[in-house]
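Readers should treat all values here as calculations from the given coordinates under stated rules, not as data from a laboratory. Remember, it's a predicted structure, so these values are computed and weren't measured experimentally. Here the Cβ positions follow ideal geometry from the backbone for every residue, glycine too, while neighbour counts run over all protein chains shown.
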Ligand code: KG4
Ligand code: ZN
């Protein structure tokens, strides 16, 4: 008589994220295909330090990663109450990002890989942002992914964790950059996305008109550089717009233009697809925006998926991506040759992003 025995396969992964200004580490454990459990998760953001310079200075961000990463590493193991021997692999962001910051994380990953003889999984940061949705929801493939962060704006059709098609991208500034650069013009701190979002809540979004880049191109490509320039000209001509009482209206109108462009271009991206009503996953820091979520949930009721807790850069999404691509890991010691552009990562996939 054969018994139907279900084997419990447990995977434990450390995730390391240092591609920009967040040093973030997490240890995740997954049983079979269940939603992973976050055993520990600690981050340090250099935002306040970088605010003095009005944006990310790669060298300063890298120095902060160097200072914070070892204390954070200790913390995640203490909180997870596990011994490094229990790890299965080390997932680390290798691409894309700022070279100095990336190298800090990769160097630490290589060192501990050597110490503990654990394989490294090079992680594509952009795909990790979208796939973070699986930390909170069960979303089936294919899904449409909208990645809106400080460095990227991408419309993707995700066939699996590693297979995707690009439906559109930005030709100049990313959506987050449009928020941050607009914020700089308005005299707000860095990064400005959250501040514009907050100020816009009490403003009139129809008070001022801003252009939508590539409005008539009928494709899913975005352009935000004209929007930023038009804000600069408007403020130069009307300096009173910078007065505290006027900022909410300016922020609301400027934010509306950013989101209008996303909505318009998402429409074109969806038109290209033969399958309709696919799940829509929105990820990256700009997905934290209250209006992005309000507008998209109204337009895509029941099919919109956002994981607000994991939208901005974080180590949990890196560990999660490691779990989802577990078999793509590079065996030790070959993994020690991984370079800052993820030489051993799924090269096919990196070619396209
Ligand atoms: O994903 P992320 O943490 O880093 C990158 O991979 O770039 O995204 C950071 C971006 C910044 O541009 C920041 O201004 C923006 O996300 N952001 C927001 C909000 N919160 C963060 N943008 C609009 N509204 C928000 N609430
Ligand atoms: Zn990111």
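Extension gain, residue 11 to residue 242, is 77.9 nm, computed as 0.36 nm per intervening residue step minus the present C-alpha separation.
The per residue volume of the convex hull around the alpha-carbon atoms of the stretch 229-300 is 107 Å³. Put in order of Cβ neighbour count within 10 Å, fewest first, the listed residues 50, 323, 242 become 242, 50, 323. Taking the Kirkwood radius as Rh and the Cα radius of gyration as Rg, the stretch 25-82 has a ratio of Rg/Rh equal to 1.14. Bin by bin, in steps of 10 Å, what percent of the Cα pairs in the stretch 115-224 do you find, going until the bin that has the longest distance? Result, from short to long distances: 12, 32, 32, 19, 4, 1 percent.
Per-residue ellipticity at 222 nm, computed for the chain from helices alone with -39500 (n - 2.57) per DSSP H run of at least four residues, works out to -12000 deg cm²/dmol. Subtracting the Cα-Cα distance of residue 198 and residue 140 from their residue separation scaled by 0.36 nm leaves 17.6 nm.
Taking the alpha carbon gyration tensor of the stretch 139-306, multiplying each eigenvalue by 5 and rooting it gives semi-axes of 29, 15, 13 Å, largest first.
For the stretch 201-253, a Kirkwood radius taken over Cα pairs fed into Stokes-Einstein (10 °C, viscosity 1.306 mPa s) yields D = 131 µm²/s. Volume per residue for the stretch 25-130 equals 115 cubic angstrom (convex hull of Cα atoms). Most tightly packed first, judged by the mean number of other beta-carbon atoms within 10 Å of their residues, the peptides 210-216, 167-173, 277-283 read 277-283, 167-173, 210-216. Please give the residues of the stretch 284-309, grouped as numeric ranges, whose backbone N is less than 12 Å from a label point set 7 Å along the Cα-to-Cβ vector of residue 277. Once the point is set 7 Å along Cα→Cβ of residue 277, 301-303 turn out to lie under 12 Å by backbone N, inside the stretch 284-309. If contacts are Cα pairs under 8 angstrom and at least 6 residues apart, what is the relative contact order of the chain in percent? Reported relative contact order: 23 percent. If you take the alpha carbon atoms of the chain and fit the smallest convex hull around them, that volume is 150 Å³ per residue.
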